[in-house]
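Readers should treat all values here as calculations from the given coordinates under stated rules, not as data from a laboratory. The structure displayed is predicted, hence computed values, not measured ones. When we count neighbours, we look across all protein chains shown, and the Cβ atoms used for this are built from the backbone with ideal geometry, even at glycine.
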Number of protein chains: 2
Amino acid sequence: MSITFVGLGLGPKKHITEAALDSIRRADVVFLDTYTGMLPKETVDFLRKISRRLVLADRYTLEEGAEALLRDAVEKEVVVAVQGDPFVATTHISLALEACKRGIACKTVNGISSYSAAASLSGLQAYKFGRAVTLPSEDSVESVRSVYENILENMSRGLHTLVFLDTKGNGLRIPVALSRLRELEGSLKKGVVSDDRLVVALARLGYEDCVVKAGRVVELLAWDFPDPPHMLIFPGKLHFLEREALVRLLGVPREYVEAYEPINYGVDRVRRYIDACEGALSRSRGSSREAKVTEVLRVAESYLEDSKFFLKSGDIFNSLSAISYCEGLLDALRMLGYVEFDWKK
Amino acid sequence: MSITFVGLGLGPKKHITEAALDSIRRADVVFLDTYTGMLPKETVDFLRKISRRLVLADRYTLEEGAEALLRDAVEKEVVVAVQGDPFVATTHISLALEACKRGIACKTVNGISSYSAAASLSGLQAYKFGRAVTLPSEDSVESVRSVYENILENMSRGLHTLVFLDTKGNGLRIPVALSRLRELEGSLKKGVVSDDRLVVALARLGYEDCVVKAGRVVELLAWDFPDPPHMLIFPGKLHFLEREALVRLLGVPREYVEAYEPINYGVDRVRRYIDACEGALSRSRGSSREAKVTEVLRVAESYLEDSKFFLKSGDIFNSLSAISYCEGLLDALRMLGYVEFDWKK
């Protein structure tokens, strides 16, 4: 027959759509995913009441042990019910692929995803979010580093980053996530998760006790949030409407928002290179009368100007290329003894 | 009293949540946004039936003319009902900010957004989407260029791009959007929207006649899609599960998916620079016995190797910096007459 992947939305049953309820009521068996989300008992009880047969499906049932589910789906109408929207987690895609291979029809009924709801509730614009990322429950330096780098990369492009906090076990909490990231900040020192960094913290989206709180890292570390699910957003460059939203809707003191500066790692580095080349050039000018040397200095000067121009127009790639080339020209002159300077550190 | 911003989901009424229906039933006045979305007549009729008073709200009512709505909200329970999820469009944030300034309470009831549903239905992983972008109805070269550049930037980082097609008027259609982008391709020539580019096209998400079709640009240009709303996804780097999903769930011929290569503009350029420096170095080696010159060549060589190493490890920024510096060293030697070569074009 078929498998219908049904999104249950944000958790409480009031966020389930009529289309989802219909599919659940009609299904012969409902496999309720207890692995990729955290559903409240009230929702589980409600789904049990309205479905013919409800199976709590853990990771094994949905992955290695999916044979039983797939066998059911050959003859019956099966629903796999999932918190949020299906197919954000790869678990469900693998299952759909396997079903498809066996000629079982697959359908999807969408649900509200925290992926879009978090952006919407933060007051930040959905169009300005870069790649999202998950911080896993397991405390591994590698996973924390990849989250840190993802934030840095988005931030350097002026984009916001949505960080899902793992819902496994009792769910990862905001202060734990922030302190892990801050610990890494201690060694990477790029300023991404400094004490003063402005962050939006979201707890229990869609629940009555939902909290959306924006503030500096030090404040959020000490804040008393309700239970998970928790999420974080690291803002990139702020549009004036986003600044207003943070101040008026989320209550961030205006001076924090005004003082807020995203890290731009690329720009910061190119600026340092430009400064260094400017210093080296000013000490080199006029130090040789040889026409060839003057010509190299003239070319270096024009690449320095190009680099500044590209930087101003936001084209970091060409700016970096021009200033590094300029640095090479100057350094060759220095090594060959035509000019004398030390690179500014 | 209050304004509640209510998300209506994907269009048909079956995607409206119980929480949204509750708010609409309880409200004294419901302002139904007809500006940022396209709601089917059936949904409008249904909402009119269940609400005490329904006002069709165009752009003017929600923006310059919002005074009337805000005055209502001082004494009444007002709902602003919006297709998808509220606050993806800035129109609603401005309204919320103005309400907040006047001390009117603002609440949000989330709905299913095509922002998350499109990712989910494409079989591509939500975590691998970069910044989303909208192609406006108005035919302006600047807006098409910014969409093109957004896709190029995401693609160069291996990320997918969701392109919303404007819903104003009768809504922008997939073939129109693609032909505009392809026209720009003709002048920019970066290969982003070449005839063979694999694209996922989505029409009427959430409706019975929903179409999710993946194929090459030439095929989609000729495809007969149902009416808007329409969307596009330009894939970045494909994970093997994503390849399988495109083949098995969306029916893309396996050979297209296997042959699929995202453009990586940064990598392509750095590779060309590396080739050019390699050529220049091989022609320069041994052309002078002066120790200083040999030393500059040795440094150039080591930066060339660094650049290759950084490129391999995915660090384009350092790779570009190293190869441009190397180029500068070699070019200074050439200009000073120590070595002779032409830059490979």
Degrees, to the nearest 10: A:291-312 long Cα axis against longest axis of chain A: 30
What does the structure give for A:17-23 when I average, per residue, the other chain Cβ atoms found within 10 Å of the residue Cβ? 6
Cα-centre dipole for chain A with unit charges at Cβ (Lys and Arg positive, Asp and Glu negative), debye to 20: 360
Helix A:41-50 versus the longest principal axis of chain A: what is the Cα-based angle in degrees, 0 to 90, to the nearest 10? 50
Would you work out the charge dipole size for the protein assembly as shown about its Cα centre, treating the Cβ of every Lys and Arg as +1 and the Cβ of every Asp and Glu as -1, and quote it to the nearest 20 debye? 200
Hey, what do the phi angles of segment A:189-203 turn into as Karplus ³J(HN,Hα) couplings, whole Hz, using 6.51/-1.76/1.60 and θ = phi - 60°, x for Gly and Pro? 6, 9, x, 5, 10, 5, 4, 8, 4, 7, 9, 9, 10, 10, 10
With bins 10 Å wide starting at 0, give me the P(r) of the protein assembly as shown over every alpha carbon pair, in whole percents. 3, 14, 22, 24, 18, 10, 6, 3, 1, 0
Projected onto the charge dipole of segment A:172-221 (+1 at Lys/Arg Cβ, -1 at Asp/Glu Cβ, origin at the Cα centre), which of A:Leu188, A:Val212, A:Ala201 gives the Cα projection farthest towards the positive end? A:Leu188
Using a 10 Å cut-off around each Cβ of peptide A:121-128, what is the average number of partner chain Cβ atoms that fall inside? 5
Starting from the Cα of B:Ala105, move 7 Å in the Cα-to-Cβ direction to define the label point; list residues of segment B:54-93 whose amide nitrogen is under 15 Å from there. B:73-79
Scan segment A:161-213 for trypsin sites (Lys or Arg not before Pro) in coil per DSSP, keeping those whose Cβ has at most 11 other Cβ atoms within 10 Å, and list them by number. A:Lys189
In nanometres, the difference between 0.36 nm per residue of separation and the alpha-carbon distance of B:Arg26 and B:Asp227 is 69.0 nm
List the distances, in nm and shortest first, from the label point of B:Asp195 to the matching label points in every other copy, placing each point 7 Å from Cα along the Cα-to-Cβ direction. 6.3
Sparse-neighbourhood loop hits (GluC sites (Glu not before Pro), segment B:50-92; DSSP loop; Cβ within 10 Å at most 11 others) -> B:Glu64
Looking at B:Ala280, A:Gly279, B:Pro235, which one has the Cα that reaches farthest to the positive end of the dipole of the protein assembly as shown (charges on Cβ: Lys, Arg +1; Asp, Glu -1)? B:Pro235
Take the alpha carbon gyration tensor of segment B:123-212, find the square roots of its eigenvalues, order them as a ≥ b ≥ c, and report rounded if a/c is under 1.5; if not, report prolate when a/b exceeds b/c, else oblate. oblate
Just for segment B:81-215, what percent of DSSP beta bridges are antiparallel, to the closest 5? 55
Output the antiparallel fraction of DSSP beta bridges having both residues in chain A, as a percent to the nearest 5. 40
Using a label position 7 Å from Cα in the Cα→Cβ direction, what is the ascending list of nm distances from B:His239 to the same site in the other copies? 2.9
Helix-only mean residue ellipticity at 222 nm for chain B, each DSSP H run of n ≥ 4 adding -39500 (n - 2.57), per residue, nearest 500: -15000 deg cm²/dmol
Averaged over A:94-104, number of beta-carbon atoms from partner chains that fall within 10 Å: 2
The protein assembly as shown - share of DSSP beta bridges that are antiparallel (%, nearest 5): 40
Along the Cα-to-C-beta direction of A:Ala259, a point sits 7 Å from the Cα; which residues of segment A:192-228 have their amide N less than 15 Å from that point? A:194-199, A:215-220
Just to be sure I understand the model, the point goes 7 Å from the Cα along the line to the Cβ. What's the resulting B:Ser140 to B:Glu18 distance in nm? 4.6
A:Glu42-B:Asn170 pseudo-label distance in nm [points 7 Å out on the Cα-to-Cβ vector]: 4.7
Specify whether the C-alpha gyration tensor of segment A:198-239 places it in the rounded, prolate or oblate class, a ≥ b ≥ c being the square roots of the eigenvalues: rounded for a/c under 1.5, otherwise prolate if a/b is larger than b/c and oblate if not. oblate
For segment A:81-118 versus segment A:42-61, the gap between their alpha-carbon centres in whole angstrom: 17
Rounded to one decimal in nm, the spacing of the 7 Å Cα→Cβ label points at B:Arg53 and A:Glu153 is 5.3
